[in-house]
Every structure is written in C-alpha cells, then in structure tokens.
Amino acid sequence: MAKVAAVITAERVVDADREARAALAKGADLVELRLDYLRDLGSEGLRRLANAVGPKAIATLRSRAQSGARDLPPPRRAEILAELCRLGFAYVDVELSTDAALVDALHKTASKHYQDILVSHHFSEPTEVSDVADALEACIGLGDVGKVAVPVRDLAQACALVDLARNVKLQSKRFVLIGMDGLGALTRALAEETGQEIQYAVWGRPSAPGQLPFGAAVRLRRKAPFVLGLVGHPLGHSVSPAIHEAALRAASLPGVYLSLDLQAAELPTLFDACPRLMVRGLNVTTPHKEVVAGLLDELDADAEALGAVNTVVLQEGWTRGHNTDVYGFRMALRSRGLRMGGRTALVVGAGGAAKAVVHVLLREGATVEVANRTPGRAQALADTFDEDVGVTELAGLAQRGPWDLLVNATPAGTKGVADALPVPDATVQRARFVFDLVYNPPETPLLRSARNARVPGTSGLEMLLHQAAKAFELWTGKAADLRAMERAAMEALR
Ligand SMILES: NC(=O)c1ccc[n+]([C@@H]2O[C@H](COP(=O)([O-])OP(=O)(O)OC[C@H]3O[C@@H](n4cnc5c(N)ncnc54)[C@H](OP(=O)(O)O)[C@@H]3O)[C@@H](O)[C@H]2O)c1
C-alpha cells in the first residue's frame, strides 16, 4: 500500500511536532518532517520530534540543489544525518547527488535502529525517461527505498513515467517515482496502483508542485480509486479543482480531480491513455470544447446540438460527451425564478458559453438578440440555430431594448481582464435582470453597474456550481453536495 505521508513544512520544532501529531490523528500513515524548513534545527529539537512521531516519520533534510529550503555546510549535514539515523525515525532521506559517500556508514547505524534509508534524487528540468529510470535504479541500488522526482514536460512524458513505475513495481522494488507539476500529478494519483511506497501529500502549504491534497491522498487508498480532471489551456486559477475536491470529500469517494493543461494536439493521446490512467471523467474548457466533441464515441442531445462538450464520461473504454453548461444555466435561471417564455433577452458574446445560453433561452421560448465584439461571429452563432436569432452591433445597442434579460457571455469584467464593462451603463439600465456569466470577482463591474441602476442581477457562480454538480453526478452516480461546493468556490475566489 502507498503510505500517505503528510509533508510538514513548519518553521519551528514546536509547530512541526503539533502539526505532525495532528496529521497522524487525521489518518496519515506517515509524516515527512522537512527539517530544512526548521529555523531552530538542533539536537534537542530532533530528539523531541523523534520521541513524538519518529516511528511514523520520514526525516528529510533537503538541500537547495535538490529543491530544499536551505543548505548546511557539508560536515554539519553529515553530522545531522548520522544523528537522524540514531534517533529512530522510520525513514531517513538522503540525496544521491550529495550524500552517496555517506550511505554505507549511515546504513549500518540505521539498520541497528530498524530504520530505512531512502535515497532520493530531484531533477530540476524535464528529463528523458531513460535517464529518470537510471537515476531511480541508482537510488534503489544504494538505499532501502529509491525515490526520484522530475518535472513533467507534457502528457506523453507523464504517461511514460506511469509506465516506468508499473515496470519497477513488477520487479518488486521499493520506490517512489514522482512527476512534478500539474500533469505530473497523474503519477501521484496512481501511486497505489503503480506500487509506490509513499504518497507525499499537502499538509498546510504545498512543498512541491503537483502534490495532492491530503484528504484526496487518504481517500485514494480505498478500493477502486479513480481520476477526474479539467482539460484546457491555459487553465489559470480555475475553481473547478476546489469545487470537485469538496464534492468528492463530502461524498467520501476515492477520487481526485486534477488540472490537465494540454494543447489540442495532445487530446487524442489523452483519450487513448485514459483507461490506463484510471480517468473516469473530465471537464473540458476553453479552447478545447469543440475539438473534444469530435473525438468522442457519443454525444448527448445538448452537446450534439451545440457541437461542444464540457463534460466527458469514460466507462470501459467508451467516451460520452455532455454539455452541462446548458443544464447549469437553465438551473440558475430557475433558481432565480426567471421564466423566459415570451420574454426578450440580449446575449453579449458569441463563443461557446453564449451558444449554450442562446440554446437554453430559445428552448424556454424567449426572443433572443446577440451582440459581439466581432459582429461576424455573432452572425455565425445566430446561423447555427433553426429559430430566429437577432444580431445587433454593440455600437447600435443605444437604440435598442428594453430586454427582460441581459446576459454577459464574454470574459469582460473577469479579474485581470481589461475592458471591464461588456456594454455601456445605459444598456444595463434598459435590462430588467442582469446575468453575468463571470463569477470572479463575486461582484463584477457589470453587476455593480446593475446595482447602481437598481436592476437585479446574479453572477455566474450559481451556473458554475450547477454545471459542476451535474458533471459530478454523471461521473459518480451520486448527487453532489452543492453547499460544500459553494463554500469551496467562495474560499478559492477569496
Ligand atoms: N459561470 C459559468 O458556469 C460559465 C460557464 C462557461 C463560461 N463562462 C464564462 O463565460 C465567458 C465566455 O466563455 P466562452 O467559453 O464562451 O469563451 P470564448 O469561446 O473564448 O468566447 C469569448 C467571447 O467573448 C468575447 N470577448 C472576449 N474578450 C472580450 C472583451 N474583453 N470584451 C468584449 N468581448 C470579449 C469574444 O469576442 P470575439 O468574438 O470578438 O473574440 C467571444 O465572443 C468566460 O468568461 C467564461 O469564464 C462561465
């Protein structure tokens, strides 16, 4: 079983002691004590930590060259490593590049105290998998356990690392093989299945890119673990991982939700690899929603109508695409009591989200007008529907309206995006309700303009939560805890 090690990066011994006990009480199999983070590192402190949690701890003194927090003069480092090997920690981590000459001596001391020496190596750059395999072999050959961590360049390399781990498992060796960064998290998600000895997990603050949240790492130890993920480029600071982690936690399911930042050219590789990566479901975001629709075995009616997919369900090699933005927008309208039959709507934007919004509004029986920065795209969007959809120049909006509903389906107003208002204040004043698909910040410039004009409105958060809940239900067969998801979203947006 891959033992879950909560990584403790406290800066004082007293805090490290407290945090380590708390992590073990919460279900960690081990704690990794990152001694290089301690500012008051000394013999007394080491003894205190060994007495408190030693038999369940990995003692690690990571050097800067190996992604650690600080360096010590070599004689002092050797002295501390020797001390660690006498103190009764379950594992002592030593580095292939700096400590190889010490390992024999350390090993003799450690074995008297039933400790294991974990020999590790951290690459600072993405590296050929054959070189990673050689380094892992060297680490395994020198210690009781070998560990290699390497940044991951692309999906093909992440898959190759997973395959390498499976091969090493077949040789019954004790090892850890970690891909760093977002895609590298796949190696962590599959730690148990690929026979790795330790799963390092976030406790408090992450100490390495791609580390899994502690709760997810603990849940993945259970039967039938699975992987979910968000595919797009770039992903920025999406709140979807936080929302789905909250839903998985609330439902107590052995799954993890990863951010998979991929280029369009990598998508076929992803779908080929999904079964061996234990991927059960994916969300798809900009700019891949249309491309993905063309790669799947089957589409539901909404995805088919829009030619765009934001949710993929994978089951026994079969792929089915859905568009839960449609469901999310419809549910958000309902929860606001907005009945659109016989009403008028102006939709600003002509991308995938605008298309989903127009699709819902037409089905509800509304009369819809579209305006977009690039007018030709608005016309193209209107042309995809059998029903009449009006097209209006943004510059001509002053002469039009009023509308029962104004929807912003552009990123204008998103934190960090220029051109804050998608339409002038005067247009906002002629709407009876404003629906901004943007949800970050919680009060967008458009919603502020609506508030000033006493026009009621809502952000895209509710739609986001409903589309996420529907996706979760499709992947897991279980209802999502919307409140837990909302709390997680608010926390992530702070
Ligand atoms: N709340 C939710 O659940 C939810 C769901 C889906 C999407 N969204 C949000 O909806 C927005 C649109 O998403 P999408 O997938 O449709 O994106 P998209 O396909 O890239 O389309 C973006 C649209 O916005 C226009 N646009 C881009 N930047 C603009 C700016 N600064 N000012 C005015 N117009 C601008 C584009 O006009 P051009 O044609 O001229 O380029 C295009 O029509 C995003 O902010 C997304 O986060 C929210």
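Coordinate-derived values only; no laboratory data. What you see is a predicted model; the values in this text were computed from it and never measured. No Cβ is skipped: glycine too gets one built from the backbone with ideal geometry, and neighbour counts run over all protein chains shown.
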Can you find, among 375, 459, 356, the residue sitting farthest towards the positive end of the charge dipole of region 339-459, where Lys and Arg contribute +1 and Asp and Glu -1 at Cβ?
459
Point-charge dipole on Cβ atoms (K/R +1, D/E -1) for the chain, about Cα centre, debye to 20:
1700 debye
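Can you give the FRET efficiency for residue 384 and residue 100, using 1/(1 + (r/R0)^6), R0 = 60 Å, r = Cβ-Cβ distance, to the nearest 0.05?
That pair, residue 384 with residue 100, gives E of 0.40.
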Pick out, from 49, 405, 123, the residue whose Cα sits farthest towards the positive end of the charge dipole of the chain, with +1 on the Cβ of Lys and Arg and -1 on the Cβ of Asp and Glu.
49
Label-to-label distance, nm, for residues given as residue 113 and residue 252 (7 Å Cα→Cβ offset)
3.9 nm
Point-to-point label distance, residue 452-residue 11, nm (Cα→Cβ direction, 7 Å offset)
4.2 nm
Of the peptides 403-414, 158-169, how do they stack up when ordered by the mean number of other Cβ atoms within 10 Å, highest first?
403-414, 158-169
Percentage relative contact order, region 339-459, counting C-alpha pairs under 8 Å, at least six apart:
22 percent
Value of relative contact order over region 401-494, rounded to a whole percent, pairs C-alpha under 8 Å and six or more apart
23 percent
Looking at the chain, what % of its DSSP beta bridges pair antiparallel, to the nearest 5?
10 percent
Length-normalised contact order for the chain - Cα pairs under 8 Å, 6+ apart - percent
9 percent
Ratio Rg/Rh [Cα only; Rh per Kirkwood] for the chain
1.07
Have a look at the DSSP beta bridges in region 3-221 and tell me what percent are antiparallel, nearest 5.
5 percent
Can you find, among 162, 58, 182, the residue sitting farthest towards the positive end of the charge dipole of region 3-221, where Lys and Arg contribute +1 and Asp and Glu -1 at Cβ?
58
Calculate I(q)/I(0) for region 435-494 by the Debye formula, one identical point scatterer on each C-alpha and no solvent, and give its log10 at q = 0.25, 0.29 Å⁻¹ to two decimals.
-0.98, -1.12
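Between residue 170 and residue 125, what length in nm is gained on full extension when 0.36 nm per residue of separation is reduced by their alpha carbon distance?
Difference between extended and current length: 13.5 nm.
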Multiply the residue separation of residue 263 and residue 64 by 0.36 nm, subtract the distance between their alpha-carbon atoms, and state the gained length in nm to one decimal.
68.4 nm
Any idea what Rg and Dmax come out to for region 339-459 if you just take the C-alpha atoms, in Å?
13.0, 37
When ranked by the protection proxy of mean other Cβ atoms within 10 Å per residue, highest first, what sequence do the peptides 341-351, 429-439, 215-225 form?
429-439, 341-351, 215-225
Hey, can you grab everything whose amide H is under 5 Å from the amide H of residue 57? Only 5+ residues off in sequence or another chain; H modelled, so Pro and N-termini drop out.
31, 90, 91
Run lengths n ≥ 4 of DSSP H only: what is the helix-derived mean residue ellipticity at 222 nm for the chain, with -39500 (n - 2.57) per run over all residues, to the nearest 500?
-12000 deg cm²/dmol
Could you calculate the FRET efficiency of residue 373 with residue 473 from 1/(1 + (r/R0)^6), where r is the beta carbon distance between them and R0 is 56 Å, rounded to 0.05?
0.95
